[in-house]
Structure formats: C-alpha cells, structure tokens
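Engineer: I'd like to ask you about the structure that follows.
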C-alpha cells in the first residue's frame, strides 16, 4: 500500500492574507514533493469546501473530471473515500482553487499566477502522482496541518 501525505500550510479565506484556497505540500511514496491545491475550508460543504484533515482510502474509478482536466490522457483516477458527508472527491489537475469542486489537485510549483495563488504544471504533477499509485493496489491519503518542528 502506498501513502500520499498532504501537509497543509495555507488556508483560506482568511484575513489579512486574502487566500482563496487551501495549499499544502504533498509527499509521494518515493519522497518526491509536489504542491497541493484545494478549495478553502467552508465547513466541509459539498462541492465548495476542502475536506477535513484525516486518513482516507483511495478508490480507483472512471471520472469525467479526470478525463476533462487531462484532455483525455486519463479516463480513470483516484477518488478519496470515506469523507463524512461527502463523495466524488477526485484527485485531478488544476491550477487554482476555483478549478476544484471539493477535489484535490497538484502542481510542481506554487506561487502567484496573475494576482491569485496557484500551483503550476498541474498535468505534469498529476502524471507523477499517477505513476506512483498503481490502480491494482490499495492506497491511502493522509491530510494533516502543517506542524512547525523546532530543533
């Protein structure tokens, strides 16, 4: 079983930062790090909010949003299972939080795109993520807050 870990470090909406999404560092089983992008926390509302922190199983399924966001390169992908009150939470490409309806995306870089925080090279990051999670195996995602470590 492979584990995908996301350590969230930037939540929104929040003053004074005006962040409009939730961003984190995603660590793949190989140790490679990507950036994650999700909608802001809005009380776990369906299709609006990022999901609560926790450990969830991933399930493989066909997905229209994966097909559209990869321009047909992938027809299937990983769904986050067992989120209380939620379903159809897919991992898929996208740059800005508004590209996601409760789903999670990844990028190779993180920063400003125009005047909004975003991730970059999301399709490349998605390909890397998919390569490390074979569809015929069980996998989990662990979403946690960023914790400052002191020496």
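The values are calculated or read from the model by the stated rules, or taken from the named source; none is laboratory data. Because the structure is predicted, anything quoted here is derived from the model rather than measured. Positions of Cβ are backbone-derived with ideal geometry, glycine not excepted, and every protein chain shown enters the neighbour counts.
Engineer: Within segment 31-50, is even one residue buried (at least 19 other Cβ atoms within 10 Å of the Cβ), within 17 Å of residue 137 (Cβ to Cβ) and at pLDDT 95 or above?
Structural biologist: Among the residues of segment 31-50, not one is buried (at least 19 other Cβ atoms within 10 Å of the Cβ), within 17 Å of residue 137 (Cβ to Cβ) and at pLDDT 95 or above, which makes the answer no.
Engineer: Take the residues of segment 85-107 that are touching a residue at least 60 places away in the same chain (Cβ under 8 Å) and part of a loop (DSSP other than H, G, I, E, B): which is surrounded by the fewest Cβ atoms within 10 Å (Cβ to Cβ)?
Structural biologist: So the residue we want is 101.
Engineer: Also: Would you be able to tell me the number of residues in segment 103-151 that are on the phi > 0 side of the Ramachandran plot and at pLDDT 95 or above?
Structural biologist: So the count comes out to 1.
Engineer: If you check 64, 59, 82, which single one turns out to be on the phi > 0 side of the Ramachandran plot and either without any contact (Cβ under 8 Å) to a residue 60 or more places away in the chain or touching a strand residue (DSSP E or B) at 6+ places or on another chain (Cβ under 6 Å) (or both)?
Structural biologist: Matching residue, one of 64, 59, 82: 82.
Engineer: If a residue has to be within 21 Å of residue 40 (Cα to Cα) and assigned to a strand (DSSP E or B) to count, how many in segment 121-145 make the cut?
Structural biologist: Number of matching residues: 5.
Engineer: Against the conditions (1) more than 21 Å from residue 137 (Cβ to Cβ); (2) surrounded by fewer than 15 Cβ atoms within 10 Å (Cβ to Cβ); (3) touching a residue at least 24 places away in the same chain (Cβ under 8 Å), where does residue 76 fall short? Just the number, please.
Structural biologist: (1)
Engineer: Anything in segment 1-23 that is closer than 14 Å to residue 112 by Cβ, part of a strand (DSSP E or B) and modelled with pLDDT of 80 or more? List them, or say none.
Structural biologist: 10, 23
Engineer: Something else: Filter segment 32-46 for residues that are within 15 Å of residue 94 (Cα to Cα) and part of a loop (DSSP other than H, G, I, E, B) and give the result. Can you show your working first?
Structural biologist: Of the residues in segment 32-46, the ones within 15 Å of residue 94 (Cα to Cα) are 34-40.
The answer is 39, 40.
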